[in-house]
Amino acid sequence: MENLNLNSLRVFAVSARHGSFQRAADALHISHGAVSQRIKQLETELGIILFDRKPRGVELTPKGQTYYLAVEEALRILATATFELEKSSSQIRLHIGASTASKWLMPRMDSFGVQCPKIALETEIHQSVLQRNLGRNELALWPGRSPARRTAHHVKALCELRIVAVCSPNLLRPDWPMDTDTLLSLPLLQDANRRWESLIDLTKHKGPHSILNFGQSALALGAAMHGHGVALAPTFLIEEDLKSRRLVEIWRHPDASGEFLFLSWAKRHSHESSIKQTASWILGEFGQTLDPSSNQ
């Protein structure tokens, strides 16, 4: 299609990435109406429905999902070409979840600046694992049960996600250690991973249960800091909060989660200094060193 608007494709990709026109509007610094209009215009031009509109956001239709993967790949190619033209080897884009960015990355930005002073780090927030191959000057940090290997990527498991229950030091509660029955009787703060519901199902705890739901781990943890209840989170997200006593650990899941935090980057660009420095810094934060030939 000769007159396809590139900006409309970008709006479509961001909307699909966030699963919400409002969150896409916030990310693009435009109005919700402008996003909705761009998507509607694109659907009209293509002659297909890209999104199912739902009360709490939007969801890609099957054709929309296929188109999204193609658009993301096309945008990646354009981004890579732009990087090559600008010779911007000191710019790194890190694909990362919102809570990992706010709870793990942000407290470490001073350390990154000291160790990688010539690298400009740009984050791109995702609600789910990036589906396309990474391009030049891109890395991805994401949780999962398996590395979802791509032959084009180096993949490193940074840590296993150890799940603990945390709350404000001021929350009225029985002393540590706490059994599961007592824990589940407290006010529970749940994020999109719905780990409290899984634990209740696993233990067959009868309740009653008081569960307050949040869309992100960072929001549930913020509510815990303010004394509203108990949140479940992987330990890597809350290291700084535990050190500062904004949160205290009151229970640790007895079973391994089977989930890991992974770092990935493109093999074809692994020789570039900015990629090596950034990957080395992230690995170092988890007590590991860079081995470019490894795909574990």
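The values are calculated or read from the model by the stated rules, or taken from the named source; none is laboratory data. What you see is a predicted model; the values in this text were computed from it and never measured. Quick reminder, even Gly has a Cβ in these numbers, built from the backbone with ideal geometry, and neighbours come from all protein chains shown. These area figures cover heavy atoms from the full protein model, side chains too; ligands, DNA and RNA do not enter into them. Shrake-Rupley method; radii C 1.70, N 1.55, O 1.52, S 1.80 Å.
Couple of notes before you dig in:
- Inter-centroid distance (Cα atoms) of the range 251-284 relative to the range 89-110, Å: 12 Å
- In the chain, helices alone account for a calculated mean residue ellipticity at 222 nm of -11000 deg cm²/dmol, with every DSSP H run of four or more residues adding -39,500 (n - 2.57).
- Probe 1.4 Å, protein heavy atoms only - accessible area per residue of the range 1-74 in square angstrom: 58 Å²
- For the listed peptides 167-173, 264-270, 115-121, 201-207, a ranking on the average number of other beta carbons within 10 Å per residue, highest first, reads 264-270, 167-173, 115-121, 201-207.
- Computed from label points 7 Å out along Cα-Cβ, the spacing between ARG145 and SER244 is 3.5 nm.
- With 5 Å bins from 0: P(r) over the range 29-154, alpha-carbon pairs, percent: 2, 8, 13, 18, 19, 18, 12, 7, 3, 1, 0
- Kirkwood Rh and Cα Rg combined as Rg/Rh, the range 191-271: 1.07
- Projected onto its three principal axes, the C-alpha set of the chain covers 66, 45, 31 Å, listed from the longest axis down.
- The GluC sites (Glu not before Pro) found in the range 154-256 include none that occupy coil by DSSP while having at most 16 further C-beta atoms within 10 Å.
- Span-rule helices in the chain, defined as complete DSSP H runs reaching 30 Å or more along the axis (Cα) with Kyte mean at least -1.0: 62-86
- Listed pairs LYS40/LYS63; LYS54/LYS103; LYS156/LYS276 exceeding 22 Å between Cα atoms: LYS54/LYS103
- Normalised per residue, the accessible area of the range 159-291 is 49 Å², obtained with a 1.4 Å probe and no contribution from ligands, DNA or RNA.
- For the chain, DSSP calls about 60 percent of its internal beta bridges antiparallel.
- Approximating the spin labels as points 7 Å out from Cα along Cα→Cβ, the ASP52-to-MET106 distance works out to 3.4 nm.
- Taking 0.36 nm per residue of sequence separation and removing the Cα-Cα distance, the ASP181/LYS63 pair yields an extension gain of 37.9 nm.
- Percent carbon-and-sulfur accessible area, the chain, ignoring ligands, DNA and RNA, probe 1.4 Å: 52 percent
- Cα-based reach from LYS118 at 17 Å (exclusive), listing aspartates and glutamates while leaving out same-chain residues under 8 positions away: GLU86, ASP110, GLU138, GLU272
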